[in-house]
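Worksheet: one structure, shown below.
The values are calculated or read from the model by the stated rules, or taken from the named source; none is laboratory data. From a predicted model like this one, the values you see are computed outputs, not experimental measurements. As a convention, Cβ positions derive from the backbone with ideal geometry for all residues, glycine included, and neighbour counts pool all protein chains shown.
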Amino acid sequence: MGQPVEDGSGEDGSQGASRFELPPGQRLQRGWPVTHYGPVPKFRPERWEFRVFGATTDDEKHGWTHDEFTALPYTTVVADLHCVTKFSMLGAEWGGVPAATILRLAPPAPDVTHVMVWAEYGFSSNLRLSDFAAGRTLFATHKDGELLTAEHGFPLRLIVPHLYAWKGPKWVRGIEYMTADRRGFWEERGYHNIGDPWKEQRYSYQEEPGDGPEL
């Protein structure tokens, strides 16, 4: 596959990790297949808002309109995308707002341990706070310098490079800070609560004690 690709595959998503190999059970994908559950939502910029709620430090809800959110500091991350359906797309450049920026502007309370990411139609995905806060977790608006298409998550999708792609939903609308873990949409339906591709954590039957709440 040529040169190694930085993929942030360490548990903390730290910079500098590089691999030649794919995670176990994955195959290299040259294009970018469209995979999602349900219809593609219609984007209405005048009604769109990104919300942060739950156990915030100040016990207040925080929100940004689409114009306000896209005006936040923009950065790029080169990272792989590993789909639980067994394809991997290597070396994409993602552009958007780092999760660290949201944590700074709307900090969680000290006892927060997990984050629920909420998307259109009530779709959700739960993450450990450490995974959400990893250095390359990004609310992406662009891929390879171009705006995301609607089918791939425009106006906003979450990229968590060191976890399977379902842990970063398309069409994100906000996050909820939680003081205890709670399973998201796919995690309630048989998918692994953590979703580390390098450990091939695909399904809930593979979970070890402590990996997540009981089903």
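Details
- The combined condition, being touching a helix residue (DSSP H, G or I) at 6+ places or on another chain (Cβ under 8 Å) and at pLDDT 95 or above, is not fulfilled by Pro41.
- Where strands (runs of 3 or more DSSP E) fall wholly inside the stretch 46-150, the ranges with 1 or more residues that are closer than 15 Å to Arg173 by Cα and touching a residue at least 40 places away in the same chain (Cβ under 8 Å) are 49-54, 62-65, 87-98, 114-119, 124-128, 138-143.
- When the stretch 56-83 is filtered for residues that are closer than 29 Å to Glu200 by Cβ and either more than 18 Å from the chain's Cα centre (by Cα) or of a type in the set (A, V, I, L, M, F, W, C) (or both), the ones remaining, listed by number, are Val77, Val78, Ala79, Leu81, Cys83.
- All of Thr137, Thr76 fail the test of being polar (S, T, N, Q) and either touching a strand residue (DSSP E or B) at 6+ places or on another chain (Cβ under 6 Å) or surrounded by fewer than 20 Cβ atoms within 10 Å (Cβ to Cβ) (or both), apart from Thr76.
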